[in-house]
Amino acid sequence: MLTLGLPLVAGMNARELAGVMAHEFGHFTQGLAMRMTYVIRSINGWFARVVYERDTWDELLVEWARGAGGSAAVIALLARFFVWVTRRLLWALMMVGHVISCFMLRQMEYSADSYEIQVAGSETFAGTFKKLVMLDVASSRADAEVNEMYQERRLPDNLPLYIHSVVGRMPQGLVDALQEHLDKGRTGLLDTHPATSRRIERARLADAEGILDVECPAADLFSDFEQLSREVTRISYGWMLESKLDRVKLVPLAAAKSEQEAAEKDLASLKRFLQGLWQVDRPVGLRMDDFKTPTEAKETISRLKHTRGKIEAALPQARALYEKYQQTREERATAARARALLKAEIKIDAKSFGLNSPTIEEATRLEARSRETAEKLQARLAPFDAAQCKRLVMALGLLRVPEVGGRIRDAGALWRECESHVTALARLDAVHERIETIHRCGMCISAVADAVKDGEAKQAAVTLTRDLGRQIHDALAEVRAQLDDDPYPFEHAEEGISIGRWAVDLPPAGDDLDRLMPAAAQAMNRLGHCISG
């Protein structure tokens, strides 16, 4: 049975889709080759288990080599040596089998390509590969966008066509990078598929026109593709969300596309306006008290130009300070991870963490020094940040000047939206330290968990992670309490929801890390979205 994804249909014309289907049906003719590769890969799997898995005999030999004395220890060591040699030989046989199976799989791909080339033609074959890569990347980007929409309990009602729309919104730089990847890819010895550039080269050498030249959209082959896509989308959401689907609002495709396009333009405008020197991990510093209705538009515009000139003059120094500030924050985070690992009685390589010696005292000193340096750099950046805020305040204030606001559509609504967003940003600035605590403690817990993943956690590690978990829980509780009266400033399926309730799903206990860590990650993601949105 051959299953086709609807995003594939949405992104291709009939000729390209027929070629893809011919390729897959071509694999159906490779019965003998598929059986042979299955046998080889099964044998390789057996080799891999023998080479890499350890059993009771291995453990006994280790115990005898360590605990026994005299000749018994020597015999155990010799046995371990011969086991090691045998496993090296089996590893070599495994790699030979792996190389052979990968070579066979690549030849099977070439064989299936020949069917596609004969049906769709050589040039269409080349174009299809680019579309397949674009659709694959678009699917990943659409997943991220849909996840952001789900945070507001809103989802596009037509997922296949939404994925197709993402292709049209891809930055040209990304498109060029994907094309370069296709052109310069090379086949490795253990690759199961040939490099795309080589497959396209072979297709062009075949110089086939193809037996099908229908260029209409593949969606036209369906009686009502849009309705089918909506039905499949709802079924997919039902599988993923189960009973939670009733709490989600399905947004028409056109509205979802326009909202995402507007969000991308807004974010690009914000980055351009703030010269790229802004991140969600720094306080914004805006307050509604800073907004005063300008008395005269011309004077405000003149002051805007003057402020912009000062910003541009200070930009080179600000960029240098900002880069150093970011490096210092990374240094502080590294020191915090090192301190957590050492407190958990886990050995570390001092140099890899930027320490002179692997001690808690040294990690604590580096963390304190980095924090102090970051605070000094933040203070030096403060005048530049203030100028940026001043420029933004003056620009937004023009909405309230009749001679300017009168020329802007829905200026009143824009000003009310501005008020709600600035108020929310001010409230988020107030819990900035709590957000930092959640981030730092979560990062330390992850570092300790990764270090003990393949070993047994010591009591010190257990105690530390529980303590960090309680700090995260307390910080989440404080964030939720402080933001529980502040309305969420963006559209949400549930009207009147607060920022605190939207962002923080507080677990009942701080030592329940299985529930606490996902809740902390969700809170950080949503609070960041609220700041940057």
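The values are calculated or read from the model by the stated rules, or taken from the named source; none is laboratory data. Because the structure is predicted, anything quoted here is derived from the model rather than measured. Every residue, glycine as well, gets a Cβ built from its backbone with ideal geometry; the counts of neighbours run over all protein chains shown. For the accessible areas, the whole protein counts, side chains as well, though only heavy atoms, and no ligand, DNA or RNA atoms are used. Shrake-Rupley method; radii C 1.70, N 1.55, O 1.52, S 1.80 Å.
Give me the residue from region 329-343 that is of a type outside the set (A, V, I, L, M, F, W, C) and within 25 Å of the chain's Cα centre (by Cα) and, out of that set, least open to solvent (accessible area, probe 1.4 Å).
Looking only at region 329-343, we keep the residues that are of a type outside the set (A, V, I, L, M, F, W, C), and these are 329-332, 334, 337, 339, 343.
Then keep just the ones that are within 25 Å of the chain's Cα centre (by Cα); that gives 329-332, 334, 337.
Values: Arg329: 57, Glu330: 124, Glu331: 86, Arg332: 58, Thr334: 31, Arg337: 72 Å².
Only one residue tops the list, namely Thr334.
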Over region 79-126, the set of residues under 20 Å from Phe47 (Cβ atoms) and among the hydroxyl-bearing types (Ser, Thr, Tyr) is Thr86, Ser101
Could you identify the single residue in Leu212, Leu253, Leu205 that is under 27 Å from Ala14 (Cα atoms), aliphatic (A, V, I, L, M) and touching a Leu at 6+ places or on another chain (Cβ under 6 Å)?
-> Leu253
Contacts under 6 angstrom Cβ, first residue in region 290-309 being under 21 Å from His421 (Cβ atoms), partner surrounded by 10 or more Cβ atoms within 10 Å (Cβ to Cβ) and of a type in the set (Val, Ile, Thr), 6 or more apart = Asp290/Val393; Phe291/Val393; Pro294/Thr300; Pro294/Val401
For Glu495: the one exception among (1) assigned to a loop (DSSP other than H, G, I, E, B); (2) over 23 Å from the mean Cα position of the chain (by Cα); (3) farther than 21 Å from Gln260 by Cα = (3)
Filter pass, His23 being within 28 Å of Ser139 (Cα to Cα), surrounded by 12 or more Cβ atoms within 10 Å (Cβ to Cβ) and at pLDDT below 90 = no
Only residues in region 140-155 that are closer than 16 Å to Arg501 by Cα count as the first member; pair them with residues that are crowded, with 19+ Cβ neighbours inside 10 Å, Cβ under 6 angstrom, at least 6 apart or cross-chain, and list the lot.
-> Gln151/Arg526
Do you know which residues across region 344-367 are among the aliphatic types (A, V, I, L, M) and either open to solvent by 40 Å² or more (accessible area, probe 1.4 Å) or closer than 18 Å to Ala451 by Cβ (or both)?
-> Ala344, Ile346, Ile348, Ala350, Leu355, Ile360, Ala363
Determine which member of the set Glu491, Glu436 is out of contact with any His (no Cβ under 7 Å at 6 or more places or on another chain) and either open to solvent by 50 Å² or more (accessible area, probe 1.4 Å) or more than 27 Å from Arg339 (Cα to Cα) (or both).
-> Glu491
Answer yes or no as to whether Val133 is surrounded by fewer than 17 Cβ atoms within 10 Å (Cβ to Cβ) and in contact (Cβ under 8 Å) with a residue 24 or more places away in the chain.
-> yes
Going by the conditions given, is Ile472 under 19 Å from Ala344 (Cβ atoms) and crowded, with 19+ Cβ neighbours inside 10 Å?
-> yes
With Gly406, Gly412, Gly354 as the choices, which residue is among the small types (Gly, Ala, Ser), more than 26 Å from Leu315 (Cα to Cα) and in contact with a Leu (Cβ under 7 Å, 6 or more places away or on another chain)?
-> Gly354
Positions within region 286-311 being of a type outside the set (D, E, K, R) and farther than 13 Å from Cys389 by Cα, in sequence order = Thr293, Pro294, Thr295, Ala297, Thr300, Ile301, Ser302, His306, Gly309
In region 315-357, the residues that are of a type outside the set (Lys, Arg) and not in a helix (DSSP H, G or I) = Ala344, Glu345, Ile346, Ile348, Asp349, Ala350, Gly354, Leu355, Asn356, Ser357
Filter result for Lys271 (more than 23 Å from the chain's Cα centre (by Cα) and either surrounded by fewer than 16 Cβ atoms within 10 Å (Cβ to Cβ) or more than 26 Å from Leu527 (Cβ to Cβ) (or both)) | no
Pull up region 59-96, narrow it to residues that are of a type outside the set (A, V, I, L, M, F, W, C) and surrounded by 12 or more Cβ atoms within 10 Å (Cβ to Cβ), then point me to the one that is modelled with the lowest pLDDT.
-> Arg80
Name the pairs whose Cβ atoms lie under 7 Å apart, with the first residue in region 187-205 and without any contact (Cβ under 8 Å) to a residue 12 or more places away in the chain, the second open to solvent by 90 Å² or more (accessible area, probe 1.4 Å) and assigned to a loop (DSSP other than H, G, I, E, B), and 6 or more positions between them or separate chains?
-> Ala195/Arg186
Residues that are open to solvent by 50 Å² or more (accessible area, probe 1.4 Å) and hydrophobic (A, V, I, L, M, F, W, C), drawn from region 253-262 | Ala254
Residue list for region 149-163, restricted to those being farther than 16 Å from Leu241 by Cβ and within 20 Å of the chain's Cα centre (by Cα) | Tyr162, Ile163
Name the residues in region 199-239 that are aromatic (Phe, Trp, Tyr), at pLDDT 90 or above and crowded, with 19+ Cβ neighbours inside 10 Å, would you?
-> Phe225
Within region 32-58, track down each residue that is open to solvent by 40 Å² or more (accessible area, probe 1.4 Å), of a type outside the set (Val, Ile, Thr) and either modelled with pLDDT of 75 or more or in a helix (DSSP H, G or I) (or both).
-> Leu32, Met34, Arg35, Met36, Tyr38, Arg41, Ser42, Trp46, Arg49, Tyr52, Trp57
Could you please let me know if Leu277 is outside any helix (DSSP H, G or I), open to solvent by less than 30 Å² (accessible area, probe 1.4 Å) and in contact with a Leu (Cβ under 6 Å, 6 or more places away or on another chain)?
-> no
